[in-house]
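First comes the structure, then the notes that go with it.
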Amino acid sequence: MIQNDSLYTSSQQEVFSLDTISESLPRFFVEKGKTQIIENKRIETDSVPLWIDLSLIFWVFVIVFARLSYTFRMRQIITTTINPKQVKYLLREGNLLKQGFPVILLLLYFFTISLFAFIAINQYLPESFYFSVGEGFLILYGVVVLFHLLKFVSIWFLGFMFNTRKVSLRYLLDHYLFHISEGFILFPLLILFVYSDLQLFLYAAIIVLLLLWIYRLQRAIVIGLACANFSPSYLFLYLCTLEVMPFFLIYKLGLQFA
C-alpha cells in the first residue's frame, strides 16, 4: 500500500496568496507539489490631498470676493505694477501698506510660492522633508513668510538708519505691488500644475517669476538713482544684499539637500 506524502498537495484550482494594499509581497502558488513565486508589484494611485483641494477652493473664493468688492483697487494695483507712473494715483486713494485686504492677497502669493516649491521639492528632492505632507508644507510656508517679513523689516530699518525712509517706502511698495500681482498670475498656473502634473506649468511659473524679478530690480535701480542720498556703489551693495544674496542662499541649501 502506497501512502501519500504528509505534505498537502493542492489541485490546480487552489491558490494561496497574500495581498496587501500598501506593500508589495510575493504571491505563492502551490501546484502539483511545486511552489512558484510570482511578484505582485504595488500599484499606487496618486491623488491630490484633500487639504490642497480645500486650500485652492478657499483662495478661489478670496479672489472672487476681492474681484467683486475691490474691483477698482485691484485694477490700480495691477496697472501700477506695469506702469510706475501710476503710483501717485494709487497713493491718492490711500496708503496701500496700511490697508487690510492687500495683506490677504499677499498671503495668496506666499501660499502659491510655497505650494509650487513644496511640490517641486517632493518630486526632485523627495528625501529633503522628514515630515508628513501637511507638516512639510506648513514648515515651508512659515519659512517663506518669515523670509519676506525679515526682508520687509530690513528695508524699513535701512531706510530709517540712513535717513532714506521715503525712498525705502517706495521700494517696499514696489515689493508689495509685484507680490500681489505675481500671486494673481501664478495662482492659475498652480491649479493647472497640481491637477495636470505637467512640468510645463512649473517652468512657466519660474519664467514669470524671473521676468518680474528682473523688471522689479530695474525699477529699484531707477528709484535708488533718483535719490541724492544713494550713491551708485551704495545702491549696488544695497540691492545685492536684499535681492541677489537670497538666491545664493537658496542655491546653497538646494545643493546641501540634493
For segment 167-174, Karplus couplings with θ = phi - 60° (6.51, -1.76, 1.60), whole Hz, Gly/Pro x: 5, 5, 5, 5, 5, 5, 4, 4
Point-to-point label distance, L107-F248, nm (Cα→Cβ direction, 7 Å offset): 3.5
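Could you list T80, T71 so that the one with the fewest beta carbons within 10 Å of its beta carbon is first and the one with the most is last? Walk me through the numbers before you get to the answer.
On the way: T80 22, T71 10.
So the ranking, lowest neighbour count to highest, is T71, T80.
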Proxy reagent accessibility, fewest Cβ within 10 Å first, across R165, R170: R165, R170
Note, ³J(HN,Hα) from phi for segment 232-239, Karplus 6.51, -1.76, 1.60, rounded to Hz, x at Gly and Pro: x, 5, 5, 5, 4, 5, 4, 6
Residues whose placed amide H lies under 5 Å from that of S231, excluding near-sequence neighbours: none
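Could you list I155, I250 in order of exposure, starting from the residue whose Cβ has the fewest other Cβ atoms within 10 Å?
Ordered by Cβ neighbours within 10 Å, fewest first: I250, I155.
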Rg followed by Dmax, in Å, when segment 51-257 is reduced to its Cα trace: 17.9, 51
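FYI, it's all coordinate maths here, none of it is from the lab. The model shown is predicted, which means the values in this text are computed figures rather than measured ones. Every residue, glycine among them, receives a Cβ derived from its backbone with ideal geometry; neighbour counts consider all protein chains shown.
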